[in-house]
Amino acid sequence: MARERWPSRLLFIFAAVGSAAGLGNLWRFPYLTYKYGGGAFLIPYLIALLVLGIPLLVLEFAVGQHFQRSTVGAMRKLKTWAGAVGWWMLGIAFVVLSYYAAVMAWSLRYFFSSFSMAWSGGAESYFYEQVLGLSSGIGVLGGINWILLACLIGVWILIYFSVFKGIKSVSQVVKVTMPLPILLIFILLIRAVTLEGAAGGLVVYMKPVFSALLDPEIWVAAASQIFFTLSVGLGIMIAYASYVKKKQDTAGDALWTALMNSGISLLAGFVVFGTLGFLAMQKGVAVPDVVASGPGLAFVVFPEALSMMPMAWLFSLLFFIVLLSLGIDSAFSLLEGVLAAFKDRLRTSTMKLSLIGCILGFAGGIIFVTGAGLYFLDIVDHFVLSYGLIMFGIFECLLVGWTKAGKEVKEHLARESPWFPVNLWWWLIRLVIPIILVVMFITFFLKELAAPYEGYPGWAIAVGWAAVFLPLVVGFFLNKWYGKKREVAEITVP
Ligand code: PHE
């Protein structure tokens with residue numbers, strides 16, 4: 001059977017940018033920039049992009065494209081045992097997907113409440129009490145939130161119809177979900193910068209504080225943001241690239257993806273801080289008093305600001321469409337990464353596999369729409385992203401940098417992207433990046449030992465670690481299964 005293909009190079013880049021540009025661009029990047037030195041943060045950010053992000057993206061693209069296999073198959077070509085690492089990455093991707101979908105369910109709920117501006121006058125209590133029904137602590141599950149569950153089902157239906165025909169449907173959907181949020185961000189940008197007080201917000205966002213660069217924390221923050229924002233370390237980009245034909249400028253694709261993704265982050269920051277400047281002026285407080293990140297930004301502070309604008313409902317609708325359209329292609333890229341590995345191995349129809357994937361993902365995500373959902377989301381997100389991505393980054397670099405099959409990847413790059421400084425890249429992935437990542441890992445781990453994350457109880461911390469390591473156990477067995485079938489096939493084929 002011929003491998004599925006992207007209809008064009010452009011649509012592959014659309015899909016990759018769609019995956020990269022997600023909630024992190026909107027609710028993480030602007031906040032980090034503000035927190036770590038304003039405009040000065042762009043220096044470590046750009047350095048991390050050049051030294052860490054783009055080389056890793058090039059690596060994932062080249063691995064997928066050269067071996068023409070998704071994550072597990074490609075990892076097995078590097079070293080058979082590394083297939084287990086591939087499954088491990090995908091297991092973690094699945095965990096991320098299950099809570100990413102829950103955040104999208106919140107967005108969907110807000111999309112519907114935009115018509116009535118249901119949060120006017122009490123954005124904070126609306127989010128925590130009415131929408132989430134947040135329990136008093138992680139130990140109190142608080143029952144299922146039925147409205148959110150319905151929204152979650154809605155989100156999973158959207159995800160299903162994005163992947164149900166494989167790359168064919170994905171490439172149709174990204175024609176909308178990649179450009180749409182960019183267009184809307186431009187509209188929101190014009191709205192934001194013409195609001196009273198916007199300039200005050202923009203100054204807080206961008207005013208460089210160069211002394212901040214002396215703090216090592218800012219460098220670690222920049223590096224981990226780059227990791228998360230480019231969707232590397234979860235096998236997605238390997239899977240997507242495995243559907244690219246073998247002859248294509250791999251490194252060029254990576255460069256375009258990275259540049260567009262960072263451009264979206266930068267723009268989103270202007271929207272966020274312009275609007276925060278307006279909010280601060282309306283409330284008569286200083287901008288830093290209203291700054292937030294994560295769910296607090298997207299579902300409390302920003303909605304509050306929206307409710308104070310003329311035509312509030314309209315801009316609210318636009319904002320939540322931005323969230324949904326930014327998020328959906330990141331969400332289904334996570335699923336497609338997992339499905340691709342099964343599709344390489346099984347003859348089961350794509351529709352059936354997708355359906356099974358969606359049902360399992362939905363079931364796994366129910367915990368995140370309970371009263372304690374936000375706590376679980378917070379813990380799992382912290383552990384999985386701090387440790388999972390970094391570990392896979394290390395594995396990927398060493399597996400490509402120090403194996404015989406890895407050398408083919410380098411040759412592939414030299415052939416397909418003659419303009420790319422392959423030798424420099426080679427030493428980055430063989431040595432420099434693994435060292436940086438090990439240092440980051442240790443930094444995070446020491447912090448973990450110093451105090452339990454956010455003061456959560458021990459069992460909750462154990463849940464976080466389990467989310468990181470249970471997929472490894474599953475991955476070990478799945479790799480055995482994958483290999484068994486392969487041996488049978490290889491013995492009988494010749
Ligand atoms: N890159 C996405 C973002 O910035 C998040 C993501 C990470 C999506 C990993 C898929 C995989 O929001």
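The values are calculated or read from the model by the stated rules, or taken from the named source; none is laboratory data. Every value quoted in this text rests on a predicted model; they were computed, and no experiment measured them. We place every Cβ from the backbone using ideal geometry, glycine too, and count neighbours over all the protein chains shown. These area figures cover heavy atoms from the full protein model, side chains too; ligands, DNA and RNA do not enter into them. Shrake-Rupley method; radii C 1.70, N 1.55, O 1.52, S 1.80 Å.
Side notes on the structure shown:
- Taking Lys and Arg as +1 and Asp and Glu as -1, the other residues whose beta-carbon sits under 10 Å from that of Ala405 total +4.
- Coil-residue trypsin sites (Lys or Arg not before Pro) of segment 227-322, DSSP, other Cβ within 10 Å capped at 16: Lys245, Lys246, Lys247
- Shape metrics for segment 64-202, restricted to C-alpha atoms - Rg then Dmax, Å: 20.6, 60
- Between 0 and 90°, nearest 10: helix 373-383 axis offset from the chain longest Cα axis: 50
- Ratio Rg/Rh, restricted to segment 195-248 and using Cα atoms, in which Rh is the Kirkwood radius: 1.24
- Take each peptide in 61-70, 153-162, count the other Cβ atoms within 10 Å of every residue, and average; sorted highest first, the result is 61-70, 153-162.
- Mean Cβ neighbour count within 10 Å, used as a protection proxy, ranking 189-202, 391-404 highest first: 391-404, 189-202
- Stokes-Einstein translational diffusion, segment 5-87 - Kirkwood Rh over all Cα pairs, 0.692 mPa s, 37 °C, in µm²/s: 216
- 0 to 90° range, to nearest 10: angle between helix 146-163 axis and the chain longest Cα axis: 40
- Seen against the Cα atoms of the chain and their longest principal axis, helix 82-113 is set at about 30 degrees.
- Sites Trp146 and Leu360 - FRET efficiency at Förster radius 22 Å, r taken between beta-carbons, to 0.05: 0.55
- Stokes-Einstein diffusion of the chain at 37 °C, 0.692 mPa s viscosity, Kirkwood radius from Cα pairs, rounded to a whole number: 143 µm²/s.
- Computed magnitude of the charge dipole of the chain (debye, nearest 20; Cβ of K, R +1, Cβ of D, E -1): 1920
- The accessible area of Asp249, taken with all protein chains in place and a 1.4 Å probe, comes to roughly 40 Å².
- Averaging over all projection directions, the Cα-based convex hull of segment 270-309 occupies 2.4 nm² in the image plane.
- Alpha-carbon gyration tensor eigenvalues x 5, square-rooted, for segment 385-494, Å: 33, 26, 8
- Cα centroid separation - segment 431-463 against segment 206-227, whole Å: 19
- Averaged per residue, the chain has 39 square angstrom of accessible surface, using a 1.4 angstrom probe with ligands and nucleic acids left out.
- Filter on Lys175/Lys352; Lys246/Lys352; Lys175/Lys283; Lys245/Lys484; Lys77/Lys447; Lys175/Lys245 - keep pairs with C-alpha separation over 31 Å: Lys175/Lys283; Lys77/Lys447
- Each label was represented as a point 7 Å from its Cα along the Cα-to-Cβ direction; for Ala292 and Ile435 these points are 4.2 nm apart.
- Calculated from backbone phi, Karplus (6.51, -1.76, 1.60) coupling profile of segment 241-256 in Hz, x at Gly/Pro: 6, 5, 9, 8, 5, 5, 9, 6, 5, 3, 5, x, 4, 5, 5, 4
- Taking label points 7 Å from Cα along the Cα-to-Cβ direction, Ser8 and Ile442 give a separation of 4.9 nm.
- As a fraction of the 1.4 Å probe accessible area of segment 9-492, surface on carbon and sulfur atoms comes out at 71 percent.
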